[in-house]
Structures are given as C-alpha cells and as structure tokens.
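Here the structure comes first, spelled out in structure tokens, and everything after it is commentary.
The values are calculated or read from the model by the stated rules, or taken from the named source; none is laboratory data. These figures come from a predicted structure and were not determined experimentally. When we count neighbours, we look across all protein chains shown, and the Cβ atoms used for this are built from the backbone with ideal geometry, even at glycine. When the accessible area is computed, the model is the full protein with side chains, heavy atoms only, and any ligands, DNA or RNA have been set aside. Shrake-Rupley method; radii C 1.70, N 1.55, O 1.52, S 1.80 Å.
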Amino acid sequence: LDGQHFELQFLQRTYEAYLRAMAEADARLATLNEQVEDMAQMSAYRTVVRNLRCLKGVETLTALTIAAETQDLRRFESARALMGYTGMVSKEESSGPKVRRGAITKVGNAHLRRVLVEAAWAYCRQGARPSAVNSFSRNSAFFRQAASSGVGRNGPPVFFCVALADSIHAKASR
C-alpha cells in the first residue's frame with residue numbers, strides 16, 4: 001500500500017492520513033492483544049482459560065470473556081442453567097395441553113450470548129461434520145443429527161451454542 005501514489009496532492013495527503021490511521025489502529029490492537037494474553041495468565045483466570053481453549057472455536061479472548069462474564073462456571077448446575085443465564089433458551093407459550101416453543105428469549109447476558117454465538121460460528125466454519133461433533137459434546141447422538149441439517153442462513157444453529165455451553169460446563173466441572 002505504501003507504493004500507491006496520487007497525482008493530486010489532496011488525494012495523496014488523504015491517502016497517507018488513512019495509512020497512518022491504519023498503522024495506529026494495528027498498534028493499538030497489538031497492545032490490547034498483549035494485555036488480554038497477560039490477563040489470561042493471571043492466577044484467577046489461568047486454569048479456566050486453559051480449559052476453555054481446548055474447545056474448538058474458543059481462543060484466549062473468548063475464554064477470558066466467558067470466565068469474566070460468568071465469574072465462576074461451577075455456580076451453574078448444568079449447561080441448561082448456563083444457557084438460561086445467557087438467554088439462549090426457547091420461549092414457551094403453553095395453554096392446556098398445547099405447548100408452543102418459539103425463538104430464544106434473549107433475556108440474560110447479551111455480551112456472553114454474543115460471544116457464545118461467535119464461538120459457535122467459529123466452530124461451524126472449521127468444518128464441523130457429524131463425526132466431528134462427538135468431540136464437541138457428550139450428547140453426541142443429538143448433535144450428529146443436528147449437525148447434519150447444516151448451518152442456517154441467519155446464524156449458527158442454537159444447538160451448536162447449546163453444545164458449546166454443554167462443553168464449557170463440562171470443562172468447568174473438572
């Protein structure tokens with residue numbers, strides 16, 4: 001990009017200003033990444049971050065976010081409780097014998113929910129196939145069937161987020 005030149009002086013100055021802004025943003029990002037890595041090595045987070053990073057789709061920033069937002073994953077009795085905390089549970093309208101389930105409630109920790117969805121997307125992009133789901137969750141039969149249906153247009157299927165929560169809860173229980 002440094003080799004690009006414009007004949008008009010104002011275009012060249014604008015272009016150079018954008019290049020400087022990009023270099024500054026890269027430097028800030030590098031500094032923030034170093035701070036995240038340093039924070040992940042603190043005794044309060046080291047073990048949980050190391051355990052969570054064993055999961056596909058979860059790197060240091062995601063693991064640290066999960067650890068910070070949940071405070072202590074052992075406080076959740078199950079993956080279902082963790083998903084309830086994030087608002088990734090189905091709405092339900094019941095009347096007599098009729099039970100209707102809808103989209104997720106989105107009541108809960110929105111930041112954690114977004115991080116779990118991003119991790120599920122990362123997992124899906126890594127080529128998740130029904131056979132690979134065995135390593136993703138303890139309840140592999142359900143997830144083999146769910147994974148065979150593919151990833152929806154509007155985002156990763158909720159079951160990948162549930163599987164991630166299940167795996168996170170399993171790692172935290174150790």
Of the accessible area of region 1-104, with the probe set at 1.4 angstrom, what percent is carbon plus sulfur?
52
Once normalised by the length of region 1-123, the mean sequence separation of its alpha carbon contacts under 8 Å that are 6 or more apart gives a contact order in percent of 19
By how many nm would the segment from Arg53 to Asn109 grow when fully extended, if each residue of separation counts as 0.36 nm and the alpha-carbon distance is taken off?
18.1 nm
Label region 50-129 by shape, choosing from rounded, prolate and oblate, from the square roots a ≥ b ≥ c of the eigenvalues of the Cα gyration tensor; if a/c is under 1.5 it is rounded, and otherwise prolate applies when a/b is larger than b/c, oblate when it is not.
prolate
For Gln12, net neighbour charge (Lys/Arg +1, Asp/Glu -1) across residues whose Cβ lies under 15 Å away:
-1
Packing-ranked peptide list from 57-63, 37-43, highest mean Cβ count within 10 angstrom first, is 57-63, 37-43
So what is the accessible area of region 66-131 per residue, in Å², with the probe set to 1.4 Å?
63
Quick calc of log₁₀ I(q)/I(0), region 1-137, Debye, one scatterer on every Cα, no solvent, q values 0.10 1/Å, result -0.56
Counting only protein chains, not ligands or nucleic acids, how are Lys106, Lys56, Lys91 ordered by accessible area (probe 1.4 Å), most first?
Lys106, Lys91, Lys56
Please compute the length gained on full extension between Val99 and Arg46, using 0.36 nm multiplied by the number of residues separating them and subtracting their Cα-Cα distance.
14.7 nm
What are the ³J(HN,Hα) values, in whole Hz, obtained from phi via the Karplus relation 6.51 cos²θ - 1.76 cosθ + 1.60 with θ = phi - 60°, for each residue of region 11-28 in sequence order, with x given for Gly and Pro?
5, 5, 5, 4, 4, 5, 5, 5, 4, 5, 4, 5, 5, 5, 5, 4, 5, 4
